[in-house]
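Here the structure comes first, spelled out in structure tokens, and everything after it is commentary.
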Amino acid sequence: MKNTDFDKKIKITPLSNNDILAFELKSILYTPNQYRIPVAFADTTNSVDDTEKYIAENYTIEDQEKLKHNDMITNKFLAELSKLNSEDEVNKLVQKYKVQLFDVNYKAPTTLRCLNSNDDIENMKGYFVIDSNAIIGSNGELLSNFLNLDFNKFNHFFMFYTKYFGMFIDYFEEKDLESLKIDELTDIKLIISLANKIYESSKDYILNIQNLFREFVNLLYGYDNDKDIDSLTLKQKFYVFYEKHHNELQTFSEQYQHYGLFSFNYVPSDLIHLEHNNTSELISKLKQFDSDGSKIFNSYSIVTDNIYTVLYISLYNLVLNNNAMIRQCKNCHRYFLTNKSNTYYCDNIYYEGKTCKDVGNQLSQKRKENKEPIYGKYRSIYANKATLLKRYPDIYSQEDYDKWKKEAKQFMNDIRHGLKTYDEFDKWLDKNK
């Protein structure tokens, strides 16, 4: 493959009245479906010969016939699905064809899965595919994921590099790429060697861009901004940051092409339902076919070859619509997308199956209490009384201990709910040592 064979374009398409953006890459290093290593065999639109080879080597003749039957049923289902309009019709069609599918034990082994930053990537075996058309996500998800990567670690860089391979294609010489082909298997060892070749030279630049976006997001949605900044609207904050970092952001904010019209449209398959002879007839059909306006979409797109432009436009779109935001979890400190301004914790698993959201409020309160000297005083007296009860039960009774503990616990609950203060608790502790 030559550098010029690779389409680096990223297409940005507005959805849902501009609230959400979808991002589509013309070229990306990946394997079909949910798997990244080695090739996922089930998607015959990619690397057909390799898919058939994998099936022939891993399935019995009987199971191969079942797979062919399931493909046929799936094609029939998709052909009929394109003609339906309502959710009820779709559900009925699903049930109709679901019972016709054969039960096949898909033999995608455990190694067929998405890469993650904890993998021993350098020692992995398998393949990548340079796909010719892939959807990569929507809106603030891409930016929050980018902010959470640690580019000082090669594995994190590798996640970014494989997803946005087009960003790095010009770093390579023609001889580096001669073994790569679009929509064909490429040994992961080659992909890793190319990543190692450019890692050190590109890392610092990526870190600088990441820090810039982190600073941007923290100014817009951070918890600890000064009062002057927080008194501004979200759009005003955006304006302030852009003015301060104009030189760094200008390239990202200008490096794109606009395609299509600033108008609205329906997909071609919908237009048959809207055929009309006059405006009155069109209005009538619109009310019947799309009563809530959910099927109409924006008919323009933005194209760029710079992933940082995508991240910039994504953040701009969040601010423009102001119905979602990127926050930094107060517990694990990862960035996450939310539509609630009073959400401080993410849904990542923290420990023992519990998310940061599950344990965050409790841990936050504990951290606050541990830093509070009066709380430390309370814990010290608590421990002393427990020791006193154990050693001298004839002097300090269980009844006295339980009474003190109950009153102290109630005092702490009142402090947590804003009914009392630590100063009041301090005085109570002095009286009830």
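The values are calculated or read from the model by the stated rules, or taken from the named source; none is laboratory data. Predicted model, so just to flag it, every value in this text is computed and none were measured. Heads up, the Cβs are rebuilt from the backbone with ideal geometry, glycines too, and the neighbour counts pull from every protein chain shown. Only protein heavy atoms, including side chains, enter the accessible area calculation; ligands, DNA and RNA are left aside. Shrake-Rupley method; radii C 1.70, N 1.55, O 1.52, S 1.80 Å.
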For segment 67-92 the number of residues that are over 27 Å from PHE289 (Cα atoms) and polar (S, T, N, Q) is 1
What's the number of the only condition in (1) crowded, with 17+ Cβ neighbours inside 10 Å; (2) within 16 Å of LEU15 (Cβ to Cβ); (3) among the β-branched types (Val, Ile, Thr) that THR355 fails to meet? (2)
Within segment 59-73, count every residue that is open to solvent by 60 Å² or more (accessible area, probe 1.4 Å), in a helix (DSSP H, G or I) and under 28 Å from GLU184 (Cβ atoms). 5
Answer residue from segment 303-316, given it is open to solvent by 10 Å² or more (accessible area, probe 1.4 Å), touching a helix residue (DSSP H, G or I) at 6+ places or on another chain (Cβ under 8 Å) and outside any helix (DSSP H, G or I) and is nearest to LEU142 (Cα to Cα) among those: ASN306
Tally, over segment 86-109, of residues that are closer than 18 Å to GLU57 by Cβ and either at pLDDT 80 or above or open to solvent by less than 40 Å² (accessible area, probe 1.4 Å) (or both): 2
Would you mention how many residues in segment 152-180 are touching a Phe, Trp or Tyr at 6+ places or on another chain (Cβ under 6 Å) and among the β-branched types (Val, Ile, Thr)? 1
Could you list, in sequence order, all residues of segment 213-253 that are surrounded by fewer than 16 Cβ atoms within 10 Å (Cβ to Cβ) and of a type in the set (A, V, I, L, M, F, W, C)? ILE229, LEU232, LEU234, VAL240
Filtering segment 77-97 down to residues that are assigned to a helix (DSSP H, G or I), in contact (Cβ under 8 Å) with a residue 12 or more places away in the chain and under 20 Å from PRO268 (Cα atoms) yields PHE77, GLU80, LEU81
Matching residues, segment 260-302, being part of a strand (DSSP E or B), surrounded by 12 or more Cβ atoms within 10 Å (Cβ to Cβ) and at negative phi: PHE264, ASN265, PHE297, ASN298, SER299, TYR300, SER301, ILE302
As an exercise: evaluate PHE238 against (1) of a type outside the set (Val, Ile, Thr); (2) in contact with a Leu (Cβ under 7 Å, 6 or more places away or on another chain); (3) more than 16 Å from SER314 (Cβ to Cβ); (4) in a helix (DSSP H, G or I) and give the number of the one condition it does not meet. (3)
Across segment 154-194, what is the number of residues that are under 23 Å from GLU141 (Cβ atoms) and aliphatic (A, V, I, L, M)? 2
Could you grab the pairs with beta carbons closer than 9 Å, sequence gap of 6+ or different chains, first residue in segment 374-390 and among the polar types (S, T, N, Q), second one modelled with pLDDT under 85 and open to solvent by 40 Å² or more (accessible area, probe 1.4 Å)? ASN384/LYS433
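Which residues, taken from segment 177-212, are of a type in the set (Phe, Trp, Tyr) and open to solvent by 30 Å² or more (accessible area, probe 1.4 Å)?
TYR205
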